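To start, the structure itself, in structure tokens.
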Amino acid sequence: MIIKLVSFLLCPYVQRSVILLEKKQIQYQIEYIDLEQPPAWFHQLSPMGKVPLMLVDGEVLFESAVILEFLDESFLPSLQPQDNLKRAQHKAWIELGSSLLVAQHGMAMAPDVETMDERKRHLEAGLLHLLPPLEQGLFGGPAHFSLVDAAFAPLFMRLDLLAGMNPLVRIDYPGPVAEWAERLSSLPCVNGSVVEDFNEQFRRYLEKKGAWLVSANAL
Ligand SMILES: N[C@@H](CCC(=O)N[C@@H](CS)C(=O)NCC(=O)O)C(=O)O
């Protein structure tokens, strides 16, 4: 099976697929595109005009959660629960992870401190929902890497980097969330899922977009 990922260098949704490809040691190719000036073929292939776009022997697949499931089912052993309800719950939490990624992006791009603060509180409230499943060990814990791990690691990586750029953006996670975030950040499949100068690229992107947190006003 020939797998090719079409990516934007900083995209957290693409990163989910890369984490799983690395975790399962699946061979893949990756092509980075500029989302502001995508090549003509991109809009022909990507029905929603978004990355990740995955080509599997030339066939198109899109939506990060669907790609995770496809990879997991195609390259065993499976990292999803056998139990139908638990597997469905994992999918539901991955969906929450997607909405938290949107919230993270909103906070990062906030044009002023007030907006950043309001978006930060929204994100903090969202993260609190993670406490019950984490306390129940629903995501598998340290012994069982799951698709939920792959889906959330890009969120924690970005929140960590943002906090490093501007301490006002730091979110104090409740204990179990902090432990989870730290565990994910130490995994080789997570560390190997971004380009080497990712931090610098991320910062430059925020500066280019006029994000308050890296502006002269904020620092
Ligand atoms: N629901 C999608 C979200 C993907 C997404 O938003 N990708 C962004 C880049 S990180 C994108 O392609 N944006 C281009 C656009 O919206 O025009 C998924 O999970 O794959």
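The values are calculated or read from the model by the stated rules, or taken from the named source; none is laboratory data. All values derive from a computational prediction rather than experimental measurement. Heads up, the Cβs are rebuilt from the backbone with ideal geometry, glycines too, and the neighbour counts pull from every protein chain shown. Please note that ligands, DNA and RNA were not included when accessible areas were found on the heavy atoms of the full protein model with its side chains. Shrake-Rupley method; radii C 1.70, N 1.55, O 1.52, S 1.80 Å.
For this structure, a couple of remarks:
- Those residues of the range 46-79 which are part of a loop (DSSP other than H, G, I, E, B), within 29 Å of Y32 (Cβ to Cβ) and either away from the ligand (no atom under 14 Å from the Cβ) or open to solvent by 20 Å² or more (accessible area, probe 1.4 Å) (or both), in sequence order: P47, M48, G49, K50, D57, G58, E63, F75, L79
- Within the range 31-45, tally of residues that are away from the ligand (no atom under 11 Å from the Cβ), open to solvent by less than 70 Å² (accessible area, probe 1.4 Å) and among the hydrophobic types (A, V, I, L, M, F, W, C): 1
- Within the range 175-186, residues that are free of Cβ contacts under 8 Å to residues at least 40 places away in the same chain have Cβ atoms under 7 Å from residues that are not in a helix (DSSP H, G or I) in these pairs: A181/Y173, counting only partners at least 6 apart in sequence or on another chain.
- Qualifying residue in the range 198-219 (condition: modelled with pLDDT under 95, exposed (fewer than 13 other Cβ atoms within 10 Å of the Cβ) and either of a type in the set (D, E) or under 14 Å from the mean Cα position of the chain (by Cα) (or both)): no
- Of everything in the range 90-100 that is small (G, A, S) and touching a residue at least 12 places away in the same chain (Cβ under 8 Å), the residue that is surrounded by the fewest Cβ atoms within 10 Å (Cβ to Cβ) is S99.
Yes or no, residue by residue, for (1) at pLDDT 95 or above; (2) of a type in the set (A, V, I, L, M, F, W, C); (3) surrounded by fewer than 17 Cβ atoms within 10 Å (Cβ to Cβ):
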| residue | (1), (2), (3) |
| --- | --- |
| V102 | yes, yes, yes |
| E114 | yes, no, yes |
| R119 | yes, no, no |
| L127 | yes, yes, no |
| G137 | yes, no, yes |
| P142 | no, no, yes |
| V148 | yes, yes, no |
| F156 | yes, yes, no |
| M165 | yes, yes, no |
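- D160 vs. criteria modelled with pLDDT of 95 or more and open to solvent by less than 30 Å² (accessible area, probe 1.4 Å): no
- Exclusive hit being part of a loop (DSSP other than H, G, I, E, B), open to solvent by less than 70 Å² (accessible area, probe 1.4 Å) and closer than 24 Å to F202 by Cα, set L10, L20: L10
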